[in-house]
Amino acid sequence: MVPTPEIIPDDAIGIAAITVIFPLGILYMGFSAFIGIGSNALFSIRLGEKRPQEALRVLGNGFILLIIMAGIVTTFSYMFLDPLLRFCGADDAILPYSHLYATWVFPGYFVFAIGAGMNHFIRSSGRPKTAMATQFIGAFVNLIAAPLFIFKLGLGIKGAALATVCGQVISFSWVMYCLTGHRAPYRLMWKNFKLRLQIVLDVMAIGFSQFAFQIASSALNVILNHALLKYGGNLAISAMGVALSINTIIIMPTSGISQGAQPLIGYNYGARKYKTSIQTLKMALRWGMTVTTVGFIILQLFARPIASIFNGQDTALIDLASRVIRLVNILLPIVPLQMMATTFFQAINQPLKAALLSLSRQILLVIPLVLILPLFWGLDGVFLAPVVADGVSTLIAVLLLKHFFDQHDQTVFFKRKK
């Protein structure tokens, strides 16, 4: 039985309690990406092939698959909540708060998984600004609701969860309106909800690389939490939580650029406009690296003021968090290379290469590094593991892209089996 926590925990404890939930949140994102990105890539290819009715079937099948996947994950999470939280790195001090937060936030994760997966179709339908608005709407609602629920209503960590749920529900509602309203160019229709085996298999094959990436990210976060707890305690978990939150904010626009490029690459691939696919990849790389480079400069110059936003009173947390922010983002400018290469191979239906890129960082590199480097450098080794992995995985991405273009005629760029 989990003891009832105080409504408002110590700031560092509260941040640590939410941080250990990250692996479960990433799990939801993984299943959302598995179906959402896989079905969206297939949807774009079918549109490029001038097969709109088949594209609509993919849209309907993707929606049903997302509901099934999100339902399974949510049910499993509630059934085994405390063991999962322990597995994710919660100790006796933060378990009650993690339990409370998770109990209230999982319904939001459920609708988020469906909404985020379906949002890709809005982008592929030629409405990238509308798709982008989905993310901003949810974030804005969360930003406004969080201080109201946490402090004004005195709900503490429960209020943080409810604010997140509000943002996710509103984002989901917006997505469904955009896919069912009279202005939707490609609408969800009942007749397309019947699952077709070939569509399901194709969707899973294409989306597997992103699914593997997210699942590996979840596993990595679990191992990270345990290593941080071992070498630095809950203070280290809190500091890493702050750093990862900031990193996510910087990476989010680049992820959006990557997701925006994917249907364009896939559509032009389906339409055999190969040069346009390559130009889209190059454009996405330029913009993505511009965003991360600007973010890198900001984080290196203003790490301490940024860290103090999360807690202006706890000096120990601010000191460690600002140091971690600078450290884990050293290679931030080159991260888009790995992201865009994965997106490119997904979009042209080469899932094995995309999966290799996804797994190279999270499983083949970071997890072993998290286990090995702390043996030599202690807590610093935990913080450095993702940095070393970023460098190596980016090198692998560059080599795969170079090999790909070297193997294909530069006027055709790549050939596809009929």
Are any residues in the range 141-178 at pLDDT 85 or above and either farther than 17 Å from Phe112 by Cα or touching a Cys at 6+ places or on another chain (Cβ under 9 Å) (or both), and if so, which ones?
Val141, Ile144, Ala145, Leu148, Phe149, Lys158, Gly159
Count - residues of the range 20-57 that are farther than 18 Å from Gly115 by Cβ and either touching a Leu at 6+ places or on another chain (Cβ under 6 Å) or of a type outside the set (A, V, I, L, M) (or both):
13
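The rows are residues; the columns are (1) open to solvent by less than 20 Å² (accessible area, probe 1.4 Å); (2) in contact with a Ser or Thr (Cβ under 6 Å, 6 or more places away or on another chain); (3) under 22 Å from Gln214 (Cβ atoms).
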{"residue": "Ser238", "(1), (2), (3)": "yes, no, no"}
{"residue": "Ala261", "(1), (2), (3)": "yes, yes, yes"}
{"residue": "Thr276", "(1), (2), (3)": "no, no, no"}
{"residue": "Arg286", "(1), (2), (3)": "no, no, no"}
{"residue": "Met289", "(1), (2), (3)": "no, no, no"}
{"residue": "Ile298", "(1), (2), (3)": "no, no, no"}
Kindly indicate whether Gly288 is part of a helix (DSSP H, G or I), at pLDDT 90 or above, under 30 Å from Thr130 (Cβ atoms) and under 18 Å from the mean Cα position of the chain (by Cα).
yes
Has the range 289-302 got any residue that is in contact with an Asp or Glu (Cβ under 9 Å, 6 or more places away or on another chain) and not β-branched (Val, Ile, Thr)?
no
Select, from Leu59, Leu66, the only residue that is of a type in the set (A, V, I, L, M) and either closer than 29 Å to Ala236 by Cα or within 20 Å of the chain's Cα centre (by Cα) (or both).
Leu66
Restricting to the range 192-204, and then to whatever is assigned to a helix (DSSP H, G or I), open to solvent by 50 Å² or more (accessible area, probe 1.4 Å) and not polar (S, T, N, Q), can you tell me which residue is nearest to Ser255 (Cα to Cα)?
Met204
Which condition number does Met189 fail, the rest of (1) touching a residue at least 40 places away in the same chain (Cβ under 8 Å); (2) of a type in the set (A, V, I, L, M, F, W, C); (3) open to solvent by less than 60 Å² (accessible area, probe 1.4 Å); (4) more than 25 Å from Ile348 (Cβ to Cβ) being met?
(3)
Residue in the range 174-186 that is farthest from Phe43 (Cα to Cα), counting only those that are part of a helix (DSSP H, G or I) and touching a residue at least 40 places away in the same chain (Cβ under 8 Å)
Trp174
Looking at (1) open to solvent by less than 30 Å² (accessible area, probe 1.4 Å); (2) free of Cβ contacts under 8 Å to residues at least 60 places away in the same chain; (3) over 28 Å from Ala93 (Cβ atoms), which is the one condition that is false for Pro253?
(1)
I'm checking my understanding of the structure. Among residues of the range 121-153 that are aromatic (Phe, Trp, Tyr) and closer than 30 Å to Leu56 by Cα, which one is farthest from the chain's Cα centre (by Cα)?
Phe121
Only unsatisfied item for Thr342, checking (1) closer than 21 Å to Leu399 by Cα; (2) of a type outside the set (Lys, Arg); (3) touching a residue at least 40 places away in the same chain (Cβ under 8 Å); (4) surrounded by fewer than 21 Cβ atoms within 10 Å (Cβ to Cβ), is (4)
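The values are calculated or read from the model by the stated rules, or taken from the named source; none is laboratory data. Source: prediction; values computed, not measured. Heads up, the Cβs are rebuilt from the backbone with ideal geometry, glycines too, and the neighbour counts pull from every protein chain shown. Remember, those area values only see protein heavy atoms, side chains included, never the ligands or the DNA or RNA. Shrake-Rupley method; radii C 1.70, N 1.55, O 1.52, S 1.80 Å.
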